[in-house]
Amino acid sequence: MNRRHCAAAAITLVCALSLLTVPVQAMAAPTPDSTPSPSASAPSSPGPSSEKDLEKVREQIETLYRQAAAATDAYNLAEEQTKKQSGEIVKLAKAIVDGQARIAELKDRAGAQAREQYRNGGLPPGAQLVLSDDPQLFLDGVNKVRTSQQASKTVLAELNRTQEDLETYTQDASSNWHKLETNRVKQAKAKKKINARIAAAEKLESELETEERARLRRLEQEAANRAQSAWLATRPVQDVEAISGEASAAGKAAIAFATAQIGKPYVWGATGPGTYDCSGLTMRAWAAAGLPIPRTSQEQWRLLPRIDIKDMRPGDLIIYHADASHVAMYVGHGTIVHSPRPGRHVTLAGAGSMKILGVVRPDK
C-alpha cells in the first residue's frame, strides 16, 4: 500500500484491529466503506491524504485514546482495591494466627483446671477446704471456690468469644481473597484493553507520512482551540476573570507541584515522579499540598465536593467527558495543567479544550 494514500485505509484497519484485540467487551465491526476514498482511488496522485481524511484519522485516534483513558481509570481503581484487599488479608491472617494461639492458651488453662479437679476427686481445691472443720479455713475455702468458679467461667467465655472471632476472621479472609482475585481479573482485562487501544492509535499514526503527522498535530491543536474559543464565548469576560481569582494556600501548593511536572511524559497508571497519567498528576499534586484525594478521575468526581464552574478558582480540578475519564487542574485565566494522553507530556492547555463534566474542590 502506498503510504501516502493510506489514511482512509488505516481507518478500516483500526476498526478491524480493535475488534481483534479488545479482550473486555465485544464490539461490532463497522462496515467498511466500499467506495474508495479519492486518495485510495488515485494512486497517481503524489500529494498526502486530504484534510477530510486526515480529520477522520484524528477523530479515530482521539476516540481510541479516550477509550484507553477510560480503561486506565478502571485499571487504577482495580489496582487501588487490590492493594486494599491485600492489606486486609494480611491483617486478617495475623488476627487468625493470634486467635489460634489464644485458643491454644485458653485450652491449656481449661485443661489445667480440669486436671486439678480430677486430682481432687472431682472437687476444686476450694471445695476441699469447705469440708474442713476449721472455721477460718472454711471461710477461705468459700472465697477460693468463688474465685475458682469465676476463673473457669471467664476462661470458657473467652474461649467461646475467641473461637467465634476466629470463625469471623476466616470468613472475612475468604471474602477478601475472592475480592482480591476479582480485582486482579479486572486489572488484567483493563490492561489488555488499554494496550489494544493505544496500539491501534499508534498504528494509525505510524501509517502517516512525516508531513501528515505534522498536519495531524496541527489539526489536534486547531480542534482544541475551537473548543476553547467556544467555551470562552459562553462565558462573560467578568466570569472568566472571576474564576481566575485567588487560590487557597493548599491550592497554591498543589499548583506549584503540578506545574513543576510540565514536560514529563504521560504513562498510563503512573503516579510519578518521572511520569504521570492524568489522575496520577492531580493526586500527587494535592498530596504535596497535604491533602490526600482519590486515585482515579472517576473517584475524584464521585467523592470530592462539587462546585459550580462560575465559582471555580485555581487549584480546583476539572473533570472531563461524560464518563469522567479525564481530569486536569485549573491554574487560572481559563488555563489548565494536565497530563493529556500517551505520546504527550504534562502541559498547559485551555480549560474548555475538552468537554467539561464538572468541577470539584479538594479543600472545600
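The values are calculated or read from the model by the stated rules, or taken from the named source; none is laboratory data. Note that this is a predicted model, so its numbers are computed, not measured. No Cβ is skipped: glycine too gets one built from the backbone with ideal geometry, and neighbour counts run over all protein chains shown. Heads up: the accessible areas ignore ligands, DNA and RNA and are worked out on the full protein's heavy atoms, side chains in. Shrake-Rupley method; radii C 1.70, N 1.55, O 1.52, S 1.80 Å.
Amide H to amide H, with H built 1.01 Å from N, Arg295 comes under 5 Å of no residue 5 or more places away or on another chain.
Using the Cβ-Cβ distance between Glu158 and Asn195 with R0 = 45 Å, the FRET efficiency computed as 1/(1 + (r/R0)^6) comes to roughly 0.25.
3J(HN,Hα) along region 82-96: 5, 4, 5, 5, 4, x, 5, 5, 4, 4, 5, 4, 5, 5, 5 Hz, from the Karplus curve 6.51 cos²θ - 1.76 cosθ + 1.60 with θ = phi - 60°, whole Hz, x for Gly and Pro.
Pairs exceeding 26 Å between alpha-carbon atoms, taken from Lys192/Lys264; Lys193/Lys252; Lys264/Lys364; Lys193/Lys355: Lys193/Lys252; Lys264/Lys364. Among residues other than Arg161 with Cβ under 12 Å from its Cβ, the summed charge is -3 (Lys and Arg +1, Asp and Glu -1). Remark on Leu357: its backbone amide H falls under 5 Å from those of Ile319, Tyr320, His321, a criterion applied only to residues 5 or more positions apart or on other chains, H modelled at 1.01 Å from N.
Projected onto its three principal axes, the C-alpha set of region 209-345 covers 47, 38, 27 Å, listed from the longest axis down. For region 237-328, the solvent-accessible area with a 1.4 angstrom probe is 40 square angstrom per residue. For Pro273, the shell of other residues with beta-carbons less than 15 Å away shows a net charge of +1, using +1 for Lys and Arg and -1 for Asp and Glu. Kirkwood analysis of region 298-364, using all unique Cα-Cα pairs, places the hydrodynamic radius at 11.9 Å. Within region 150-236, the ratio Rg/Rh, alpha carbon atoms throughout and Rh by Kirkwood, equals 1.53.
Ignoring ligands, DNA and RNA, please state the percent of accessible area on region 293-364 from carbon and sulfur, probe 1.4 Å. Could the numbers behind the result be given before it?
Values: 1320 of 2550 Å².
Accessible surface attributable to carbon and sulfur in region 293-364 totals 52 percent.
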